[in-house]
Amino acid sequence: MRDLYTLEDLRDWKTVTAGEEPPLKLGVFGDPVAHSRSPQMLNAALEACGIPARYCRLHIRPEEFAEAVRLLPQAGFIGANVTVPHKLAAMNAADTVDEHARKIGAVNTLVVEGGRLLGFNTDGPGLMRAIRAEFGVDLRDLRIMVLGAGGGAGRAIAAQCALEGCQRLVLVNRTFEKARQVAGELASYFKDPRVYGPSHRLEAIPWEEAELAAQLAQTDLVINATSCGMKRTDPSVLPESLLQANLLVFDTIYTAARTPLVEAAQAVGARAANGLSMLLYQGVLAFEIWFNRTAPVEVMRKALVGAS
Ligand code: NAP
């Protein structure tokens, strides 16, 4: 199996992959995609369950995406994952989109069923499972701040928090207008006046220190969905001076076990986790959609950690 395949390969998939045993019947479409750890995680699961199929990376550019997904049935695929920048295009390309994915506004998992494509979203539910696994709490019980709420991951996370009926949701984005737009889209989920005094249950705030400090005083869980922290030299997206020991801090970044934000949070005594468990559970849920059976979570976790 090669590290990367392309649209050209997909056009003649059966010839290009002839002799591959087990056959390549699943994959992740992205641009870029070379860094994806999904093959390690999902191939470990397929092998552990004795399923005769393998999972590969496909480097598909935006202008190639529509043709690429249409080729999946004839190439003999069971399904695919879709990552940056194709999650919205995948929603438009699917013949049927699951209700939850439609509400989230993005598709990251496709199932091939009799020549048709069904679309699902496991990013939001994956985050929910990750928060439960890392901190033993549920989104619905929490006051949550999402940093980077206007980005692709941030929007899905904010929508999942809204769908779960979290207590409060504060949306922050460097480009404020995007946070305001997401708040507008989610407003209908926060009509019910749950308690927290005079505070609104849903707010979009500009990225300003005084505003962040005031909101953090009414926050249980901070989720970083920005890309700030992906590079080792990046600063913590929130400075230590804004963090407190009673906060739960979840960084969706998983390029390091201790990201700059995780380090800053732990330095003030807060509980903090990186995004590996979100990656794990979105894969677990995709596996369960494709095969209608329980995924081998521990095998997948080990493979992910080993791939880092
Ligand atoms: P994206 O659509 O490009 O969004 C990037 C977001 O980061 C935007 O909100 C952007 O703000 C913000 N941003 C970038 N640099 C910033 C800075 N220096 N300070 C403050 N905000 C900054 O990217 P994405 O696909 O949503 O990915 C975002 C992050 O989520 C990445 O770190 C990725 O690793 C992570 N992620 C994790 C998982 C997982 O399973 N754990 C899954 C998906 C994504 P503007 O709108 O102002 O540009």
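Scanning residues 5 or more positions from residue 207 or on other chains, those with amide H under 5 Å from its amide H are 173, with H placed 1.01 Å from N in the peptide plane. A Förster radius of 35 Å combined with the Cβ-Cβ distance from residue 268 to residue 8 puts the calculated FRET efficiency at roughly 0.10. If you line up the long axis of helix 38-48 against the longest principal axis of the chain, both from Cα atoms, how many degrees apart are they, to the nearest 10? The angle comes out at about 60 degrees. Of the beta bridges in the chain, as assigned by DSSP with both residues counted there, near 20 percent are antiparallel. Compared with the alpha-carbon gap, the fully stretched path from residue 176 to residue 34 is longer by 48.0 nm at 0.36 nm per residue. Assuming charge only on the beta carbon of Lys and Arg (+1) and of Asp and Glu (-1), the dipole of the stretch 147-225 about its Cα centre is about 180 debye to the nearest 20.
Residue by residue, the stretch 78-83 carries 3J(HN,Hα) couplings of 7, x, 7, 9, 10, 10 Hz when phi is fed to the Karplus relation 6.51 cos²θ - 1.76 cosθ + 1.60 (θ = phi - 60°); x denotes Gly or Pro.
Build a GNM of the chain with springs between Cα atoms under 10 Å apart, and of 16, 137, 97 the one that fluctuates most is 16.
Largest mean-square fluctuation among 90, 256, 158, in a Gaussian network model of the chain whose springs join Cα atoms under 10 Å apart, belongs to 256. Candidates 56, 68, 89 compared by Cα position along the dipole of the stretch 51-113: farthest toward the positive end lies 56, with charges placed on Cβ.
What the phi angles of the stretch 294-308 give under the Karplus curve with 6.51, -1.76 and 1.60, with θ = phi - 60°, is a coupling list of 5, 7, x, 4, 5, 4, 5, 4, 4, 5, 5, 5, x, 7, 7 Hz, glycine and proline written as x. By the beta-carbon count within 10 Å of each Cβ, the least crowded to most crowded order of 100, 35, 59, 86, fewest first, is 35, 100, 59, 86. Between residue 169 and 144, 202, 203, the built amide H atoms are under 5 Å apart, and every one of these is 5 or more places off in sequence or on another chain. Against the chain, whose longest principal axis is taken from its Cα atoms, helix 176-186 shows a tilt of about 80°. FRET efficiency for the residue 141 to residue 233 pair, using the beta carbon distance and R₀ = 30 Å, is estimated at 0.25.
The per residue volume of the convex hull around the alpha-carbon atoms of the stretch 1-48 is 72 Å³.
Centre-to-centre separation between the Cα atoms of the stretch 86-131 and those of the stretch 258-289: 22 Å. For residue 5, nonlocal amide neighbours, meaning residues 5 or more places apart or on other chains whose placed amide H falls under 5 Å from its own, are 57, 58, 59. Highest GNM mean-square fluctuation among 223, 104, 205, for the chain modelled with Cα contacts below 10 Å: 205. When +1 charges are put on Lys and Arg Cβ atoms and -1 charges on Asp and Glu Cβ atoms, the dipole computed for the chain relative to its Cα centre reaches about 260 debye.
The numbers here are math on the coordinates, done by the rules we state, and not lab data. This one's a predicted model, so the numbers in the text were calculated from it and none came from an experiment. Using ideal geometry, Cβ is built from the backbone for each residue, glycine included, and neighbour counts are taken over all protein chains shown.
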